[in-house]
Amino acid sequence: MRFPMTINVTSDHLPVLPRSAPWVWLILALVLWIGAYWNLTAFADALLSVIGLDRTTHLGEAVHFFFYDTPKVLLLLTLIVFVMGIVHTFVSPERTRAMLSGRRLGAGNVFAATLGIVTPFCSCSAVPLFIGFLSAGVPLGVTFSFLIAAPMVNEVALALLFGMFGWKVAGLYLAMGLSVAIVSGVVIGKLGMERYVEDWVRALQKSTGSEFQTERITWAERVESAIAQVRDIVGKVWPYILAGIALGAGIHGYVPEDFMVSIMGNDAPWWSVPAAVLIGVPMYSNAAGIVPVVEALIGKGAALGTVLAFMMSVIALSLPEMIILRKVLKLPLIATFAGVVAVGILLVGYVFNAVL
Amino acid sequence: MKNVKVLGSGCSNCKSTAKLIGEVASAKGVQIELEKVEDMQAIVNWGIMSTPGVVVDGKVVHAGGVPARAKVESWF
């Protein structure tokens, strides 16, 4: 790996990091991070004794949970968003499109869904991205696999699930999200619905390729960009996380564990999964906003499959996004998209309730 | 006079990008004509896939996310 030895003339106004040696700072930060992560319990214990509370009381247990969980989730989120920030500097939408262009259905869908995890994506870019992919010869079904996976399986969702429920739930969510994206994309591709793409989109020249070339960037710039992403994302989501953990702490200390069992638990009627998916559609939230709710539901005894189906429905099937997509897709295709994804999420919910 | 176009469908990132460009330009004393392009077809015709995109004097200089301040300064 090459170190950037010269100072970039255009960006000398903002020397966030010593440009010659980002590695030293990175290693130092990593050591601090590990040190903090290993001392979470001690930190919570110390804070609790400073306030003068005892863990054996309801209040003490709830407050301890809050002091333990908050730094833990924030630390995990920071690390994962940083790592993904570095990854994002390697994978631009333009590059992803080039990699997906001309892929066949099947393998192309697997590839597209996987790239959906690592490509920087904002739901407000869904339409230009969609058109960009199609015009570069990415098949419709493959494009959909990408569009479904990108918002649903993202680093914030995974980091929060990992921090609050452990790696098993995060892994399940990852596998389930990818499966829904891949299968839905294949189904949409097999249905051959290209004619339901708006005419003006299909009329676009195939050569609308981007004239915009991503400039070569140095490692110092990658690190800087990742730090900016951490600041941006963690800065945006921390209030949700605090609220979620506070809610979780309250539940942890007070609410009886089987509160939700009869409505959303394993013995709930068969319609609890479709109901969860339906309730999720008009709700529009990002992963950070929904994970606290998920934590509250699971804390009260709801079944994991039902809750994850609810979470996926909120993130992947949103009314506002469909209204945006209406600009490029005709109604039958939007309806098919929503239907196929909803069925996929339903299946996932049932299967996991049955297995776990 | 530089012509600057911010391409994006009106999301919050697009607004902060336009604001940042305005700030930097006036800080540097550069006269610019700032234009917001929200029409999807027009955005796509610039070959941009991730918004907000920025076009300075007919050339795409940025796509995807709010640009860093240093990057904006380098345009003027």
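The values are calculated or read from the model by the stated rules, or taken from the named source; none is laboratory data. Small disclaimer: the values here were computed from a predicted structure and weren't measured. Cβ coordinates were reconstructed from backbone atoms using ideal geometry, including for glycine residues, and neighbour counts include every protein chain displayed. Surface accessibility is based on the protein's heavy atoms, side chains included, excluding ligands, DNA and RNA. Shrake-Rupley method; radii C 1.70, N 1.55, O 1.52, S 1.80 Å.
Computed quantities for the displayed model
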{"item": "Qualifying residues in segment B:3-24 (those that are touching a residue at least 40 places away in the same chain (Cβ under 8 Å), out of contact with any helix residue (DSSP H, G or I) (no Cβ under 8 Å at 6 or more places or on another chain) and not small (Gly, Ala, Ser)) - the one farthest from B:Met40 (Cα to Cα)", "result": "B:Asn3"}
{"item": "Those residues of segment A:18-43 which are open to solvent by less than 70 Å² (accessible area, probe 1.4 Å) and over 28 Å from the mean Cα position of the chain (by Cα), in sequence order", "result": "A:Pro18, A:Arg19, A:Ala21, A:Ala42"}
{"item": "Selection status of B:Ala70, under 26 Å from A:Glu198 (Cα atoms) and either at pLDDT below 80 or of a type in the set (A, V, I, L, M, F, W, C) (or both)", "result": "no"}
{"item": "Qualifying residue in segment A:296-312 (condition: without any contact (Cβ under 8 Å) to a residue 24 or more places away in the chain and either within 14 Å of chain B (Cβ to nearest Cβ) or under 20 Å from the mean Cα position of the chain (by Cα) (or both))", "result": "no"}
{"item": "Some residue of segment A:186-201 being loosely packed, with under 15 Cβ neighbours inside 10 Å and among the small types (Gly, Ala, Ser)", "result": "yes"}
{"item": "Criterion violated by A:Ala136 - all others in (1) of a type in the set (Gly, Ala, Ser); (2) more than 14 Å from chain B (Cβ to nearest Cβ); (3) touching a helix residue (DSSP H, G or I) at 6+ places or on another chain (Cβ under 9 Å); (4) closer than 25 Å to A:Val187 by Cβ satisfied", "result": "(2)"}
{"item": "Boolean, A:Phe144 is surrounded by 24 or more Cβ atoms within 10 Å (Cβ to Cβ), within 14 Å of chain B (Cβ to nearest Cβ) and touching a residue at least 40 places away in the same chain (Cβ under 8 Å)", "result": "no"}
{"item": "Residue list for segment B:32-63, restricted to those being under 12 Å from the mean Cα position of the chain (by Cα), on the phi > 0 side of the Ramachandran plot and not charged (D, E, K, R)", "result": "B:Gly58"}
{"item": "Residue list for segment A:251-280, filter: surrounded by fewer than 20 Cβ atoms within 10 Å (Cβ to Cβ) and modelled with pLDDT of 80 or more", "result": "A:Trp270, A:Trp271, A:Pro274, A:Ala275, A:Leu278, A:Ile279"}
{"item": "Residue within segment A:113-133 that is small (Gly, Ala, Ser), away from chain B (no Cβ under 12 Å) and crowded, with 19+ Cβ neighbours inside 10 Å present", "result": "yes"}
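Here's the yes/no breakdown for (1) closer than 19 Å to A:Ile227 by Cβ; (2) modelled with pLDDT under 85:
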| site | (1), (2) |
| --- | --- |
| A:Asn8 | yes, yes |
| A:His13 | yes, yes |
| A:Arg19 | yes, yes |
| A:Ile27 | yes, no |
| A:Leu30 | yes, no |
| A:Leu40 | no, no |
| A:His58 | no, yes |
| A:His64 | no, no |
| A:Tyr68 | no, no |
